[in-house]
Amino acid sequence: MSNNAFERKNNADFEANTLTIEKALQEIEQNKKLKPTISQLAKMTGIHRNTLSNRVFPSQRLHQIKQARESEKKSQ
C-alpha cells in the first residue's frame, strides 16, 4: 500500500471521528443528564480520552457547555 493510500485512510478516519464527536457534543448539550466531560464524550464516541484531549475543539466545546449550564443555574 502506498503512502497516499494510508493518507487517504487516515483522513477518512479523522473526518468520521470528527462527525462522531460533533454528534456526541450536540447530544451532551441537549441532555442535561449527561455530564460535559471528556470521559463522558469518550464513552459516547468510543474514542480514547487522550485522543479527544489532543484535539482542541472538544475540550473547548465542553467548557462552553459547562459555562452555559452554570449561567442558566444562576439565572434561575
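Largest accessible area first, the listed residues LYS66, LYS9 line up as LYS9, LYS66 when surface is computed with a 1.4 Å probe on the assembled protein chains.
When the alpha-carbon atoms of the chain are used, the pair Rg, Dmax equals 15.2, 59 angstrom. The length gained by stretching the chain between ASP13 and GLN76 to full extension, at 0.36 nm per residue less their Cα-Cα distance, is 18.5 nm. Computed from Cα atoms, the angle from the helix 56-75 axis to the main principal axis of the chain rounds to 10 degrees.
The values are calculated or read from the model by the stated rules, or taken from the named source; none is laboratory data. Predicted, not measured: the structure shown is a model, and the values here were computed from it. All accessible areas refer to the heavy atoms of the entire protein, side chains included, with ligands and DNA or RNA removed. Shrake-Rupley method; radii C 1.70, N 1.55, O 1.52, S 1.80 Å.
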